[in-house]
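Each value in this text was obtained by applying a stated rule to the coordinates, not by laboratory testing. Because the structure is predicted, anything quoted here is derived from the model rather than measured. Reconstructed Cβ throughout: ideal geometry from the backbone, glycine too, with neighbour counts over all protein chains shown.
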Amino acid sequence: MTGFAPILTAVLLAAPVPGEKPKIPQGATPTIAAVAEIDKDAGTCTLRTTAVKLVPVNREVAVNENGMIVKKVVTETRTVTSTQDQKVSIKDSAITDAEGNKVAEEDAWKRLTPGTTVVISADGNKVDPGYLAAFKKETLVLQPARR
């Protein structure tokens with residue numbers, strides 16, 4: 001019974017607060033991107049995103065039907081990964097950290113280095129804090145100007 005008390009304590013400490021339900025984030029899910037390059041003179045930053053798509057592919061197979069081998073075309077779903085670069089105007093974007101604190105443009109330029117991960121608003125609006133809870137507080141959140 002000696003090992004039971006620490007386990008019970010851990011379970012009680014990890015339990016959610018009664019009556020408190022986790023809030024589902026609202027709004028569009030933000031995009032995670034990596035800084036590919038910066039051009040401070042032009043005021044832009046190139047961000048690289050990776051997309052995963054399911055693509056239907058037709059494939060011919062040999063099938064035994066009633067003792068005869070026949071060829072049939074079957075459709076399979078394959079996963080295809082692609083990357084895309086997007087140039088974003090830093091001077092025209094609202095920039096915060098993952099806690100929602102405004103970040104000055106000059107401070108953002110110091111932190112925007114190739115390879116840095118940033119969060120981009122998918123719809124130009126503020127990103128819901130529920131999504132941002134998954135990131136370190138110093139993660140930059142870009143809200144590009146709508147065009």
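Rg (Å, one decimal) plus Dmax (Å, integer) for the alpha carbons of segment 46-133?
23.1, 74
Quick query: amide H of Thr139 versus all other amide H atoms, modeled in the peptide plane; which residues come in under 5 Å with a sequence gap of 5 or more or a different chain?
The list, which skips near neighbours in sequence, is Ala98.
So how much slack lies between Lys136 and Ala28, counting 0.36 nm per residue of separation and subtracting their Cα-Cα distance, in nm?
Extending this stretch completely gives an extra 36.9 nm.
Taking a 29 Å limit on the Cα-Cα distance, which of the listed pairs Lys53/Lys102; Lys87/Lys137; Lys23/Lys110; Lys110/Lys136; Lys40/Lys137; Lys40/Lys126 fall beyond it?
Lys53/Lys102; Lys23/Lys110
Taking θ as phi - 60°, what are the ³J(HN,Hα) couplings along segment 98-115 by the Karplus curve (6.51, -1.76, 1.60), each to the nearest whole Hz, with x for Gly and Pro?
Those phi angles translate into 5, 8, x, 7, 5, 10, 5, 4, 4, 5, 4, 4, 5, 8, 7, 10, x, x Hz.
In whole angstrom, and with the biggest value first, how far do the Cα coordinates of the chain range along each principal axis?
73, 66, 27
Tell me, what ³J(HN,Hα) does each residue in segment 21-35 have, in order and in whole Hz, if you take phi through Karplus 6.51 cos²θ - 1.76 cosθ + 1.60 with θ = phi - 60° and put x for Gly and Pro?
9, x, 8, 7, x, 9, x, 5, 5, x, 9, 9, 9, 10, 5
Evaluate the distance, in nm, between pseudo-label points positioned 7 Å from the Cα of Arg111 and of Lys71 along their respective Cα→Cβ axes.
Calculated label separation equals 5.8 nm.
Kindly provide the GluC sites (Glu not before Pro) of segment 80-147 that DSSP labels as loop, not H, G, I, E or B, and whose Cβ sees at most 16 other Cβ atoms within 10 Å.
When the GluC sites (Glu not before Pro) of segment 80-147 are filtered for loop state and at most 16 Cβ neighbours within 10 Å, Glu99, Glu138 remain.
Take Val61, project a point 7 Å from its Cα along the Cβ direction, then tell me which residues of segment 72-98 have their backbone nitrogen under 14 Å from it.
72-78
Set the Förster distance to 35 Å, then compute FRET efficiency between Asp39 and Arg78 from the Cβ-Cβ distance, nearest 0.05.
Approximately 0.45, to the nearest 0.05.
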